[in-house]
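One structure is given below, represented as structure tokens, and several questions about it will come after.
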Amino acid sequence: EASFSHPQAALRLLAHGSDGELGLTAGTALEHLPALDFSQAFLDYADDASVENEAALQADTSPIEVRYNRFAVASLDAATAVGPLQVGAELAYILGRTLFAAELAQVSRAQRSDMAHLGLRAEYTQSDALVFAVEASAARALQSPSDSAKRWMFLTPGRFMLTAVGFVAYSPGDLGFTLELSGGVLNGPSY
């Protein structure tokens, strides 16, 4: 939860004109998904369950720590009308996102990486009866995991997080209901 001890904030400037709109956003927040961090004694025991490593793990007072790391974002977005379509684009730089690096059958610590993000969208509205929207985005981790044998979980081998979503809504006449259909394809974590 946002609080004075863990502040989260964003500032958005938006300019409107006859050709469209231009927005600038800057913000800082805490990750919504927790990062589990394991002590060295835990990792040593996971690699080798020897008597010495078991004794070190039993003496460890904090083998697992749960953290919600802070990240920041700066983005520029624009939208304009192209015929009957409203089209837009967003370019963002995200500092310090928490990612997990792993190789099969090995416990890993959460690490942080800056990310670059590009999103494109198009929306078609026909009166109040029909709305169609599609959006695609790509974000790339700008750093590799600290261990070259590992890769970022949920990202492509090229360190990309890719997303495409679509939405259509239809309201037939004055019947008072709307039919909606949406779907998405993504390779990263979601909730």
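The values are calculated or read from the model by the stated rules, or taken from the named source; none is laboratory data. Computed from a predicted model, the values in this text were never measured in an experiment. Cβ coordinates were reconstructed from backbone atoms using ideal geometry, including for glycine residues, and neighbour counts include every protein chain displayed. For the accessible areas, the whole protein counts, side chains as well, though only heavy atoms, and no ligand, DNA or RNA atoms are used. Shrake-Rupley method; radii C 1.70, N 1.55, O 1.52, S 1.80 Å.
Which three semi-axes in whole Å describe the equivalent ellipsoid of segment 34-104, each the square root of 5 times a Cα gyration tensor eigenvalue, listed largest first?
48, 13, 8
Give me the extension gain from Glu31 to Ser62: residue separation times 0.36 nm, minus the current Cα-Cα distance, reported in nm with one decimal. List each step's numbers first, then the result.
On the way: separation 31, 0.36 × 31 = 11.16 nm, distance 2.14 nm.
Full-extension gain reported as 9.0 nm.
Same structure, new question: Please give, to one decimal in nm, the separation of the simple spin-label points placed at Ser50 and Val165, each 7 Å out from Cα toward the Cβ.
In this crude label model, Ser50 to Val165 measures out at 5.0 nm.
State the dimensionless ratio Rg/Rh of segment 98-156 (Rg: radius of gyration of Cα atoms; Rh: Kirkwood radius).
1.27
While we're here: Using Cα-Cα distances under 8 Å and only pairs 6 or more residues apart, what relative contact order does the chain have, in percent?
Across the chain, relative contact order equals 14 percent.
In Å², and per residue, what accessible area does segment 6-145 have when probed at 1.4 Å with the other protein chains present?
61
How far apart, in nm, are the 7 Å Cα→Cβ label points at Leu175 and Lys150?
5.3
Using only the Cα atoms, work out Rg/Rh for segment 147-191, with Rh taken as the Kirkwood radius, to two decimals.
Expressed as Rg/Rh, it is 1.34.
To continue, here is another question. What is the distance in Å between the Cα centroid of segment 76-140 and that of segment 144-191?
9
Can I ask one more? Can you tell me the length gained on complete extension of the stretch Glu21 to Gln8, counting 0.36 nm per residue apart and subtracting the Cα distance?
Extending this stretch completely gives an extra 2.1 nm.
What ranking of Leu85, Leu11 comes out by heavy-atom accessible area, probe 1.4 Å, highest first?
Largest accessible area first, the residues go Leu11, Leu85.
Further question: Which log10 I(q)/I(0) values does segment 3-53 give at q = 0.15, 0.19, 0.27 Å⁻¹ under the Debye formula, counting every alpha carbon as one identical point scatterer?
Here the Debye-derived log intensity ratios amount to -0.69, -0.80, -1.01.
For the chain, what are the per-bin percents of Cα-Cα distances with bins 10 Å wide, up to the bin holding the maximum?
P(r) over the chain, rounded to whole percents: 8, 24, 28, 21, 11, 6, 2, 0.
Helix-only estimate, please: 222 nm mean residue ellipticity of the chain, summing -39500 (n - 2.57) across DSSP H runs of length 4 or more and dividing by its residues, to the nearest 500.
One gets -2500 deg cm²/dmol as the mean residue ellipticity at 222 nm.
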